[in-house]
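Enquirer: One structure is given below, represented as structure tokens, and several questions about it will come after.
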């Protein structure tokens, strides 16, 4: 009989939710899966059972790769599917093991049972192990550190047999936690912060502060590359970036004579612009890539000065606040946003000796010559919108 192959999708944290919430989240997850597979032009059918989602189609490898990039998924396995019959499950496991195992290797069977009666998980594991012994001579059992593991699941909808689990990002399905506005630069931290919020179910709109002549040549292109990369983590969806012109503000700030507080004046202006856009577009929070003590504007004292201009009802979320830099870089590499040589990312208004613990009164004094309200409104009136889908920039689809 020809083997029937399916992709099994595991989800973890969703089990902690109440039954109605879990069903709702699984519905969102399967919707995201459908969007992603349709975007990749992969034919498929989806079956949802308690604890497992099964996807069947001619391109098992493509289904696996696509599902492994979905938030809310903790693991993906390419499985042999059998009828809900213990004999068939054991036979399939022995055949699968015989393809990989050789004399001298050790193995373990990891067995689970749900909805099938007449035997326990331990009994299923033992009898499956006996079948594998018969199929491959000269092997041993090692339940702690085996050379090879085979997983068998006996469930009311059928048996599942697999020997590898492809890791996935976990978290919550994208779209379960609403919309956020995420500040995005060309650097390392902000795309990672955005990705972490996506991993917690938030749909981001990205906002990039374009410094124009005051920014390095690769700043805006770098931010657009981040936009493209982040869009690969929500396949089938359009990810938008709002580009805000900052030249007029920088002109005014430089002309004002402020020096040591420039980074704080700039960040406060960014927060004001982001807060107004968030209000107009009904985003629930602003996301920033701040990390305590990494640069002068990210000391605890200075962050409080910056956050003071945010509306009370609009939280600023900083998912990287306690990360070490090497942890952020490791995440950036795994996400795909890290580049060894990013080019000219200089900000040409950074002072040589920025304030590391500015007094609010000093910041307000330096800010006084600036017509902040007018500068914010002008910046918002002249934004441009970029969009990406499935890793490529596209024309805006509004």
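Enquirer: Go through the range 43-58 and give me each residue that's out of contact with any strand residue (DSSP E or B) (no Cβ under 9 Å at 6 or more places or on another chain) and under 20 Å from residue 234 (Cα atoms).
Expert: At the first step, the residues of the range 43-58 found to be out of contact with any strand residue (DSSP E or B) (no Cβ under 9 Å at 6 or more places or on another chain) are 43, 58.
Selection gives 43 alone.
Enquirer: Take the range 122-145 and flag every residue that is within 18 Å of residue 88 (Cβ to Cβ) and without any contact (Cβ under 8 Å) to a residue 24 or more places away in the chain. Before you say what the answer is, go through the steps one by one.
Expert: Quick first cut of the range 122-145, residues within 18 Å of residue 88 (Cβ to Cβ) only: 123-132, 134-135.
Listed by number, the residues that qualify are 123, 126, 129, 130.
Enquirer: Has the range 193-209 got any residue that is surrounded by fewer than 18 Cβ atoms within 10 Å (Cβ to Cβ), in contact (Cβ under 8 Å) with a residue 60 or more places away in the chain and out of contact with any strand residue (DSSP E or B) (no Cβ under 6 Å at 6 or more places or on another chain)?
Expert: The answer is no, given that none of the residues of the range 193-209 is surrounded by fewer than 18 Cβ atoms within 10 Å (Cβ to Cβ), in contact (Cβ under 8 Å) with a residue 60 or more places away in the chain and out of contact with any strand residue (DSSP E or B) (no Cβ under 6 Å at 6 or more places or on another chain).
Enquirer: Being surrounded by 13 or more Cβ atoms within 10 Å (Cβ to Cβ), more than 23 Å from residue 214 (Cα to Cα) and either within 33 Å of the chain's Cα centre (by Cα) or free of Cβ contacts under 8 Å to residues at least 60 places away in the same chain (or both) is the requirement here; does residue 360 meet it? Spell out how you get there, then give the answer.
Expert: Details: surrounded by 13 or more Cβ atoms within 10 Å (Cβ to Cβ): no; more than 23 Å from residue 214 (Cα to Cα): yes; either within 33 Å of the chain's Cα centre (by Cα) or free of Cβ contacts under 8 Å to residues at least 60 places away in the same chain (or both): yes.
It is false that residue 360 is surrounded by 13 or more Cβ atoms within 10 Å (Cβ to Cβ), more than 23 Å from residue 214 (Cα to Cα) and either within 33 Å of the chain's Cα centre (by Cα) or free of Cβ contacts under 8 Å to residues at least 60 places away in the same chain (or both).
Enquirer: Can you report the number of residues in the range 140-190 which are surrounded by 20 or more Cβ atoms within 10 Å (Cβ to Cβ), at positive phi and modelled with pLDDT of 95 or more?
Expert: 2
Enquirer: Identify the residue in the range 89-98 that is closer than 15 Å to residue 151 by Cβ and in contact with a helix residue (DSSP H, G or I) (Cβ under 6 Å, 6 or more places away or on another chain) and, among all such residues, is surrounded by the fewest Cβ atoms within 10 Å (Cβ to Cβ). Give the derivation first.
Expert: Here is the first cut: in the range 89-98, the residues closer than 15 Å to residue 151 by Cβ are 89-90, 92-97.
Filter again for in contact with a helix residue (DSSP H, G or I) (Cβ under 6 Å, 6 or more places away or on another chain), leaving 90, 93-94, 97.
Numbers: 90: 23, 93: 29, 94: 20, 97: 25.
Checked the range 89-98; the qualifying residue surrounded by the fewest Cβ atoms within 10 Å (Cβ to Cβ) is 94.
Enquirer: Condition first: farther than 30 Å from residue 89 by Cβ, touching a strand residue (DSSP E or B) at 6+ places or on another chain (Cβ under 9 Å) and assigned to a helix (DSSP H, G or I). Can you find one or more residues in the range 181-190 that meet it? So that I can check it myself, show each step before the final result.
Expert: Filtering the range 181-190 down to residues farther than 30 Å from residue 89 by Cβ leaves 181-190.
Filter once more, so that each one left must be touching a strand residue (DSSP E or B) at 6+ places or on another chain (Cβ under 9 Å): 181-186, 190.
Next cut, assigned to a helix (DSSP H, G or I) only: 190.
Yes, the range 181-190 contains a residue that is farther than 30 Å from residue 89 by Cβ, touching a strand residue (DSSP E or B) at 6+ places or on another chain (Cβ under 9 Å) and assigned to a helix (DSSP H, G or I).
Enquirer: Moving to a separate point now. Name the residues in the range 194-212 that are modelled with pLDDT of 95 or more and assigned to a helix (DSSP H, G or I), would you?
Expert: Once the filter is applied, which keeps residues that are modelled with pLDDT of 95 or more and assigned to a helix (DSSP H, G or I), the range 194-212 yields 194, 195, 196, 197, 198, 199.
Enquirer: Kindly provide the set of residues from the range 278-319 that are in a strand (DSSP E or B) and without any contact (Cβ under 8 Å) to a residue 60 or more places away in the chain, ordered by number.
Expert: Residues of the range 278-319 in a strand (DSSP E or B): 286-287, 316-317.
Correct list: 316 only.
Enquirer: Separate question: Would you check if there is a residue in the range 20-38 being part of a strand (DSSP E or B) and either surrounded by 19 or more Cβ atoms within 10 Å (Cβ to Cβ) or outside the structural domain of residue 233 (by TED's automatic domain parsing) (or both)?
Expert: Filtering the range 20-38 for residues part of a strand (DSSP E or B) gives none.
Among the residues of the range 20-38, not one is part of a strand (DSSP E or B) and either surrounded by 19 or more Cβ atoms within 10 Å (Cβ to Cβ) or outside the structural domain of residue 233 (by TED's automatic domain parsing) (or both), which makes the answer no.
Enquirer: Moving to a separate point now. Name the residues in the range 99-139 that are loosely packed, with under 14 Cβ neighbours inside 10 Å, under 37 Å from the mean Cα position of the chain (by Cα) and over 18 Å from residue 52 (Cβ atoms), would you?
Expert: Residues satisfying the conditions are 99, 122.
Enquirer: Shifting gears a bit: Check 329, 349, 363 and return the single one that is assigned to a loop (DSSP other than H, G, I, E, B) and assigned by TED's automatic domain parsing to the domain that holds residue 226.
Expert: Working: 329 fails: assigned to a loop (DSSP other than H, G, I, E, B); 363 fails: assigned to a loop (DSSP other than H, G, I, E, B).
Residue meeting the stated conditions: 349.
Enquirer: More than 11 Å from residue 71 (Cα to Cα) and in contact (Cβ under 8 Å) with a residue 12 or more places away in the chain: does that describe residue 158?
Expert: Working: more than 11 Å from residue 71 (Cα to Cα): yes; in contact (Cβ under 8 Å) with a residue 12 or more places away in the chain: yes.
Yes.
The values are calculated or read from the model by the stated rules, or taken from the named source; none is laboratory data. None of the values given here were measured: they were computed from a predicted structure. Note that each Cβ is placed from the backbone with ideal geometry, even for glycine, and that neighbours are counted across all protein chains shown.
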